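The block underneath contains the structure these notes are about, expressed in C-alpha coordinates.
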Amino acid sequence: MPAIREIRAHPLHEEPFLLQVEPDSPGPGLAGWISGNRGWLVDQLRRHGAVLFRGFPVPDSDAFGRAARTFSPLLLDYQERAAPRTEVADKVFTSTEFAADQWIPFHHEMSYSHNWPSWLYFYCDVPPARGGATPLASERAVFPRIPAEVRDRFVRHGVRYVRNYGPDLDLPWQEVFQTTDRNEVAGYCRASKMDFEWVGADGLRTTSVRQAVSRHPATRETVWFNHAHIFHVSNLPVEVSAMLVEEFGFDGLPRNAYYGDGSPIEDEVARLIRQLYRDAAVSFPWQRGDVLLVDNWLTSHAREPFDGDRRILVAMSDLHVERSER
(Lines give C-alpha, C1' and ligand atoms only; values in the text may rest on other atoms or scores of the structure.)
Protein backbone atom coordinates (compact mmCIF):
# COMPACT_ATOMS: atom_id res chain seq x y z
CA MET A 1 0.00 0.00 0.00
CA PRO A 2 1.19 3.57 -0.59
CA ALA A 3 2.96 5.19 2.34
CA ILE A 4 1.97 8.48 3.89
CA ARG A 5 5.26 10.02 2.68
CA GLU A 6 3.99 9.69 -0.91
CA ILE A 7 1.50 12.52 -0.43
CA ARG A 8 1.69 16.26 0.18
CA ALA A 9 -0.54 17.58 2.95
CA HIS A 10 -1.08 21.15 4.11
CA PRO A 11 -3.93 22.98 5.88
CA LEU A 12 -5.85 25.61 3.89
CA HIS A 13 -6.40 27.72 6.99
CA GLU A 14 -4.06 28.68 9.80
CA GLU A 15 -6.29 27.31 12.58
CA PRO A 16 -5.35 24.57 11.34
CA PHE A 17 -8.51 23.76 9.44
CA LEU A 18 -9.26 21.87 6.22
CA LEU A 19 -6.27 19.73 5.27
CA GLN A 20 -5.53 19.37 1.54
CA VAL A 21 -3.94 16.05 0.53
CA GLU A 22 -2.38 15.45 -2.91
CA PRO A 23 -0.35 12.52 -4.26
CA ASP A 24 3.29 13.20 -5.18
CA SER A 25 2.83 11.26 -8.42
CA PRO A 26 0.07 9.35 -10.20
CA GLY A 27 -0.73 6.19 -8.32
CA PRO A 28 -3.57 3.93 -7.25
CA GLY A 29 -7.09 5.21 -6.82
CA LEU A 30 -8.22 7.02 -3.71
CA ALA A 31 -9.85 3.90 -2.25
CA GLY A 32 -6.50 2.11 -2.29
CA TRP A 33 -4.74 5.00 -0.57
CA ILE A 34 -7.42 5.28 2.12
CA SER A 35 -7.23 1.54 2.76
CA GLY A 36 -3.55 1.81 3.67
CA ASN A 37 -3.77 5.03 5.67
CA ARG A 38 -7.16 5.09 7.38
CA GLY A 39 -5.83 5.51 10.93
CA TRP A 40 -3.73 8.51 9.94
CA LEU A 41 -6.72 9.97 8.08
CA VAL A 42 -9.02 9.69 11.11
CA ASP A 43 -6.41 11.50 13.21
CA GLN A 44 -6.18 14.30 10.63
CA LEU A 45 -9.96 14.65 10.46
CA ARG A 46 -10.14 15.09 14.21
CA ARG A 47 -7.40 17.70 14.06
CA HIS A 48 -8.48 19.60 10.92
CA GLY A 49 -12.24 18.91 10.74
CA ALA A 50 -12.16 18.16 6.99
CA VAL A 51 -9.79 16.73 4.39
CA LEU A 52 -9.77 17.66 0.69
CA PHE A 53 -8.30 15.02 -1.63
CA ARG A 54 -7.08 16.55 -4.88
CA GLY A 55 -5.23 14.91 -7.76
CA PHE A 56 -6.18 11.31 -6.98
CA PRO A 57 -7.79 9.37 -9.84
CA VAL A 58 -11.51 9.34 -8.99
CA PRO A 59 -13.13 9.11 -12.42
CA ASP A 60 -16.82 8.60 -11.58
CA SER A 61 -19.50 8.06 -8.97
CA ASP A 62 -18.62 4.37 -8.60
CA ALA A 63 -15.00 5.20 -7.75
CA PHE A 64 -16.26 7.82 -5.30
CA GLY A 65 -18.58 5.30 -3.67
CA ARG A 66 -15.70 2.81 -3.33
CA ALA A 67 -13.51 5.44 -1.68
CA ALA A 68 -16.27 6.35 0.79
CA ARG A 69 -16.95 2.69 1.60
CA THR A 70 -13.24 2.08 2.13
CA PHE A 71 -13.23 4.72 4.83
CA SER A 72 -16.48 3.34 6.25
CA PRO A 73 -18.72 0.61 4.76
CA LEU A 74 -21.69 1.98 6.72
CA LEU A 75 -23.08 4.33 4.05
CA LEU A 76 -26.53 5.68 4.83
CA ASP A 77 -29.83 6.29 3.13
CA TYR A 78 -31.24 9.82 3.33
CA GLN A 79 -34.38 9.82 5.47
CA GLU A 80 -36.31 12.61 7.22
CA ARG A 81 -35.18 14.76 4.32
CA ALA A 82 -34.94 18.53 4.45
CA ALA A 83 -34.06 19.02 0.77
CA PRO A 84 -34.59 17.33 -2.60
CA ARG A 85 -31.87 14.93 -3.76
CA THR A 86 -31.55 12.14 -6.32
CA GLU A 87 -29.82 8.82 -5.67
CA VAL A 88 -27.41 8.23 -8.57
CA ALA A 89 -25.69 5.09 -7.23
CA ASP A 90 -26.13 2.91 -4.16
CA LYS A 91 -26.28 5.43 -1.28
CA VAL A 92 -24.62 8.12 -3.41
CA PHE A 93 -26.80 11.20 -3.94
CA THR A 94 -26.78 14.51 -5.72
CA SER A 95 -26.14 17.44 -3.41
CA THR A 96 -29.13 19.58 -2.46
CA GLU A 97 -31.09 20.46 -5.59
CA PHE A 98 -32.00 24.05 -4.77
CA ALA A 99 -31.98 26.78 -7.41
CA ALA A 100 -28.51 27.80 -8.58
CA ASP A 101 -29.02 31.44 -7.60
CA GLN A 102 -29.64 30.61 -3.93
CA TRP A 103 -27.25 30.32 -1.01
CA ILE A 104 -27.59 27.26 1.18
CA PRO A 105 -26.64 28.47 4.68
CA PHE A 106 -24.09 26.76 6.90
CA HIS A 107 -25.35 23.65 8.64
CA HIS A 108 -24.41 20.31 10.10
CA GLU A 109 -26.06 17.51 8.16
CA MET A 110 -29.40 16.50 9.73
CA SER A 111 -28.78 18.40 12.97
CA TYR A 112 -32.57 18.95 13.13
CA SER A 113 -33.03 15.22 13.72
CA HIS A 114 -32.49 12.76 16.57
CA ASN A 115 -29.90 10.96 14.42
CA TRP A 116 -27.35 12.07 11.87
CA PRO A 117 -24.29 10.91 9.93
CA SER A 118 -20.88 11.12 11.56
CA TRP A 119 -18.98 11.52 8.28
CA LEU A 120 -19.86 13.30 5.04
CA TYR A 121 -18.28 12.74 1.62
CA PHE A 122 -18.48 15.16 -1.33
CA TYR A 123 -17.32 14.47 -4.90
CA CYS A 124 -16.91 16.98 -7.72
CA ASP A 125 -18.24 15.30 -10.85
CA VAL A 126 -18.83 18.53 -12.80
CA PRO A 127 -17.26 21.75 -11.46
CA PRO A 128 -19.36 24.92 -11.79
CA ALA A 129 -18.50 27.52 -14.40
CA ARG A 130 -18.49 30.22 -11.72
CA GLY A 131 -19.15 30.20 -7.97
CA GLY A 132 -20.70 27.07 -6.50
CA ALA A 133 -18.10 26.44 -3.82
CA THR A 134 -18.91 24.42 -0.70
CA PRO A 135 -17.64 26.75 2.06
CA LEU A 136 -16.74 25.17 5.38
CA ALA A 137 -16.72 26.60 8.90
CA SER A 138 -14.97 25.18 11.94
CA GLU A 139 -17.02 24.82 15.11
CA ARG A 140 -13.82 25.60 17.00
CA ALA A 141 -14.05 29.08 15.48
CA VAL A 142 -17.82 29.53 15.71
CA PHE A 143 -18.95 28.04 19.01
CA PRO A 144 -16.76 30.19 21.32
CA ARG A 145 -18.06 33.35 19.60
CA ILE A 146 -21.72 32.66 20.34
CA PRO A 147 -22.66 34.89 23.29
CA ALA A 148 -22.98 32.97 26.55
CA GLU A 149 -26.55 34.13 27.15
CA VAL A 150 -27.57 32.79 23.70
CA ARG A 151 -25.81 29.48 24.23
CA ASP A 152 -27.26 29.05 27.70
CA ARG A 153 -30.85 29.62 26.63
CA PHE A 154 -30.60 27.17 23.74
CA VAL A 155 -28.86 24.56 25.88
CA ARG A 156 -31.50 24.92 28.57
CA HIS A 157 -34.49 24.53 26.25
CA GLY A 158 -33.25 22.92 23.04
CA VAL A 159 -34.81 23.74 19.66
CA ARG A 160 -38.41 23.11 18.65
CA TYR A 161 -38.88 22.42 14.93
CA VAL A 162 -42.28 22.67 13.27
CA ARG A 163 -42.48 21.37 9.70
CA ASN A 164 -45.42 21.21 7.31
CA TYR A 165 -45.26 18.86 4.33
CA GLY A 166 -47.53 18.74 1.33
CA PRO A 167 -47.60 18.57 -2.46
CA ASP A 168 -47.69 22.37 -2.76
CA LEU A 169 -45.82 23.25 0.45
CA ASP A 170 -42.12 22.54 0.83
CA LEU A 171 -41.51 18.79 0.27
CA PRO A 172 -44.25 16.15 0.20
CA TRP A 173 -44.11 13.81 3.18
CA GLN A 174 -43.70 10.87 0.81
CA GLU A 175 -40.32 12.25 -0.27
CA VAL A 176 -39.21 13.32 3.20
CA PHE A 177 -39.84 9.90 4.75
CA GLN A 178 -39.24 7.83 1.59
CA THR A 179 -42.52 5.95 1.83
CA THR A 180 -46.16 6.25 0.75
CA ASP A 181 -47.37 4.33 3.81
CA ARG A 182 -48.80 6.59 6.53
CA ASN A 183 -48.33 3.84 9.10
CA GLU A 184 -44.59 3.78 8.41
CA VAL A 185 -44.44 7.55 8.87
CA ALA A 186 -46.36 7.29 12.13
CA GLY A 187 -43.99 4.57 13.35
CA TYR A 188 -40.93 6.65 12.49
CA CYS A 189 -42.36 9.69 14.28
CA ARG A 190 -43.21 7.74 17.42
CA ALA A 191 -39.82 6.04 17.51
CA SER A 192 -38.04 9.38 17.15
CA LYS A 193 -40.27 11.18 19.71
CA MET A 194 -41.74 13.45 17.08
CA ASP A 195 -45.33 14.67 17.35
CA PHE A 196 -47.30 14.44 14.11
CA GLU A 197 -50.69 15.44 12.74
CA TRP A 198 -52.26 14.65 9.38
CA VAL A 199 -53.60 17.85 7.84
CA GLY A 200 -56.23 17.97 5.11
CA ALA A 201 -56.21 15.49 2.26
CA ASP A 202 -52.47 14.93 1.96
CA GLY A 203 -50.64 17.16 4.41
CA LEU A 204 -48.56 16.41 7.48
CA ARG A 205 -47.29 18.57 10.34
CA THR A 206 -44.51 17.39 12.64
CA THR A 207 -43.16 18.95 15.83
CA SER A 208 -40.00 17.86 17.60
CA VAL A 209 -37.70 19.22 20.28
CA ARG A 210 -34.05 18.46 19.59
CA GLN A 211 -30.60 19.28 20.90
CA ALA A 212 -29.00 22.70 20.47
CA VAL A 213 -25.48 21.43 21.08
CA SER A 214 -23.81 18.05 20.82
CA ARG A 215 -20.61 16.51 22.13
CA HIS A 216 -18.16 14.94 19.71
CA PRO A 217 -17.96 11.23 20.58
CA ALA A 218 -14.17 11.06 20.16
CA THR A 219 -12.74 14.51 20.98
CA ARG A 220 -15.46 15.29 23.61
CA GLU A 221 -15.72 18.87 22.35
CA THR A 222 -19.11 20.55 22.65
CA VAL A 223 -20.30 22.11 19.39
CA TRP A 224 -23.27 24.13 18.19
CA PHE A 225 -25.44 21.54 16.47
CA ASN A 226 -28.88 22.55 15.25
CA HIS A 227 -30.84 23.96 12.31
CA ALA A 228 -32.51 26.80 14.23
CA HIS A 229 -30.88 29.57 12.19
CA ILE A 230 -31.79 27.81 8.91
CA PHE A 231 -35.37 26.74 9.60
CA HIS A 232 -36.17 30.06 11.32
CA VAL A 233 -38.55 32.21 9.32
CA SER A 234 -36.00 35.06 9.21
CA ASN A 235 -33.85 32.95 6.87
CA LEU A 236 -36.40 33.57 4.10
CA PRO A 237 -36.41 36.76 2.00
CA VAL A 238 -38.66 39.29 3.70
CA GLU A 239 -41.22 39.34 0.89
CA VAL A 240 -41.40 35.53 0.82
CA SER A 241 -41.83 35.17 4.58
CA ALA A 242 -44.52 37.87 4.62
CA MET A 243 -46.45 36.11 1.85
CA LEU A 244 -46.21 32.71 3.55
CA VAL A 245 -47.22 34.03 6.97
CA GLU A 246 -50.21 35.82 5.46
CA GLU A 247 -51.34 32.69 3.61
CA PHE A 248 -50.54 29.94 6.13
CA GLY A 249 -49.88 31.64 9.48
CA PHE A 250 -46.80 30.90 11.57
CA ASP A 251 -48.04 27.40 12.44
CA GLY A 252 -48.50 26.58 8.77
CA LEU A 253 -45.10 27.67 7.48
CA PRO A 254 -43.17 24.97 5.60
CA ARG A 255 -40.64 25.03 8.44
CA ASN A 256 -39.88 27.19 11.43
CA ALA A 257 -37.80 26.96 14.59
CA TYR A 258 -38.52 28.06 18.16
CA TYR A 259 -36.85 27.71 21.51
CA GLY A 260 -37.66 24.31 22.93
CA ASP A 261 -40.26 25.79 25.31
CA GLY A 262 -42.19 27.09 22.30
CA SER A 263 -41.24 30.77 22.63
CA PRO A 264 -40.11 32.55 19.45
CA ILE A 265 -36.44 32.79 18.58
CA GLU A 266 -35.61 36.44 18.04
CA ASP A 267 -34.76 37.39 14.46
CA GLU A 268 -31.54 39.03 15.60
CA VAL A 269 -30.38 35.81 17.31
CA ALA A 270 -30.92 33.74 14.17
CA ARG A 271 -29.16 36.41 12.09
CA LEU A 272 -26.23 36.47 14.53
CA ILE A 273 -25.67 32.72 14.22
CA ARG A 274 -25.80 32.89 10.43
CA GLN A 275 -23.29 35.75 10.45
CA LEU A 276 -20.87 33.96 12.78
CA TYR A 277 -20.75 31.03 10.39
CA ARG A 278 -20.16 33.32 7.41
CA ASP A 279 -17.37 35.08 9.30
CA ALA A 280 -15.63 31.72 9.87
CA ALA A 281 -16.02 30.50 6.28
CA VAL A 282 -13.12 28.83 4.46
CA SER A 283 -13.64 28.17 0.78
CA PHE A 284 -11.93 26.59 -2.21
CA PRO A 285 -12.92 26.26 -5.90
CA TRP A 286 -14.02 22.77 -6.89
CA GLN A 287 -11.90 20.84 -9.41
CA ARG A 288 -13.00 17.76 -11.31
CA GLY A 289 -12.34 14.63 -9.23
CA ASP A 290 -11.99 16.40 -5.86
CA VAL A 291 -13.21 14.42 -2.86
CA LEU A 292 -13.96 16.18 0.43
CA LEU A 293 -14.31 14.21 3.67
CA VAL A 294 -15.96 16.08 6.56
CA ASP A 295 -16.40 15.41 10.27
CA ASN A 296 -20.07 16.36 10.72
CA TRP A 297 -19.56 17.58 14.31
CA LEU A 298 -16.45 19.69 13.86
CA THR A 299 -17.33 21.23 10.50
CA SER A 300 -20.43 22.83 9.00
CA HIS A 301 -20.91 23.34 5.28
CA ALA A 302 -22.81 25.63 2.92
CA ARG A 303 -23.23 26.23 -0.82
CA GLU A 304 -22.58 29.34 -2.87
CA PRO A 305 -24.77 30.33 -5.81
CA PHE A 306 -23.31 29.31 -9.17
CA ASP A 307 -23.48 29.68 -12.94
CA GLY A 308 -23.40 26.86 -15.45
CA ASP A 309 -23.57 23.17 -14.74
CA ARG A 310 -22.56 21.87 -11.32
CA ARG A 311 -22.74 18.29 -10.11
CA ILE A 312 -21.47 17.56 -6.62
CA LEU A 313 -22.28 14.11 -5.28
CA VAL A 314 -22.69 13.26 -1.61
CA ALA A 315 -22.50 10.20 0.61
CA MET A 316 -22.96 9.86 4.38
CA SER A 317 -21.90 7.21 6.87
CA ASP A 318 -21.91 6.01 10.48
CA LEU A 319 -25.29 6.93 11.92
CA HIS A 320 -25.17 8.57 15.35
CA VAL A 321 -28.32 8.38 17.48
CA GLU A 322 -28.63 11.12 20.10
CA ARG A 323 -29.51 9.60 23.46
CA SER A 324 -30.27 12.75 25.45
CA GLU A 325 -33.86 13.09 26.63
CA ARG A 326 -35.98 16.23 26.57
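The values are calculated or read from the model by the stated rules, or taken from the named source; none is laboratory data. All values derive from a computational prediction rather than experimental measurement. For neighbour counting, all protein chains shown are included, and Cβ atoms are generated from backbone atoms with ideal geometry for every residue, glycine included. Accessible surface is based on the protein model in full, side chains and every heavy atom, while ligands, DNA and RNA are left aside. Shrake-Rupley method; radii C 1.70, N 1.55, O 1.52, S 1.80 Å.
Charges were assigned to the Cβ only: +1 to each Lys and Arg, -1 to each Asp and Glu. The resulting dipole of the stretch 197-316 about its Cα centre is roughly 580 debye.
Once all protein chains are placed together, TYR277 keeps about 0 Å² accessible to a 1.4 angstrom probe. Rounded if a/c is under 1.5, else prolate if a/b is larger than b/c, else oblate: which is the stretch 1-84, with a ≥ b ≥ c the root eigenvalues of its Cα gyration tensor? In terms of gyration-tensor shape, oblate. Between rounded, prolate and oblate, where does the stretch 137-255 land on the alpha carbon gyration tensor, with a ≥ b ≥ c its root eigenvalues, rounded for a/c under 1.5, else prolate if a/b exceeds b/c? Verdict is oblate for the stretch 137-255.
Which shape class, rounded, prolate or oblate, goes with the stretch 243-326 when its Cα gyration tensor gives a ≥ b ≥ c as root eigenvalues, a/c under 1.5 marks rounded, and past that a/b bigger than b/c marks prolate? Cα axes put the stretch 243-326 in the prolate bin.
Summing Lys and Arg as +1 and Asp and Glu as -1 over all other residues whose Cβ lies under 12 Å from the Cβ of LEU74 gives a net charge of 0.
Would you kindly state how much longer the chain becomes between GLU149 and ALA9 on full extension, computed as 0.36 nm times their sequence separation minus their alpha carbon distance, in nm to one decimal? It would help to have the intermediate numbers written out before the result.
Values: separation 140, 0.36 × 140 = 50.40 nm, distance 3.92 nm.
Length difference between fully extended and current span is 46.5 nm.
Please identify every one of the GluC sites (Glu not before Pro) in the stretch 40-110 that sits in a loop by DSSP and has no more than 15 other beta carbons within 10 Å of its own beta carbon.
Numbers: sites: GLU80, GLU87, GLU97, GLU109; in loops: GLU80, GLU97, GLU109.
In loop regions of the stretch 40-110 (DSSP not H, G, I, E or B), the sparsely surrounded GluC sites (Glu not before Pro) are GLU97.
Kindly report the accessible area of the stretch 130-169 per residue (heavy atoms of protein chains, probe 1.4 Å, no ligands, DNA or RNA), in Å². Accessible area per residue: 43 Å². Percent of accessible area on the stretch 197-326 owned by carbon and sulfur, 1.4 Å probe? That fraction is 51 percent. The label point for ASP77 and the one for ALA201, both projected 7 Å from the Cα toward the Cβ, are 2.8 nm apart.
Can you tell me, using C-alpha contacts under 8 Å and at least 6 residues apart, the relative contact order of the stretch 105-238 as a whole percent?
30 percent
Rounded to the nearest 500 deg cm²/dmol, what is the calculated helix-only ellipticity per residue at 222 nm for the chain, with -39500 (n - 2.57) per DSSP H run of length n ≥ 4? Before the final figure, lay out each step's value.
Numbers: 9 runs with 86 residues, N = 326.
The per-residue figure over the chain is -7500 deg cm²/dmol.
Electrostatic bookkeeping for ILE312 treats Lys and Arg as +1 and Asp and Glu as -1; over the other residues with beta carbon under 12 Å from its beta carbon, the sum is 0.
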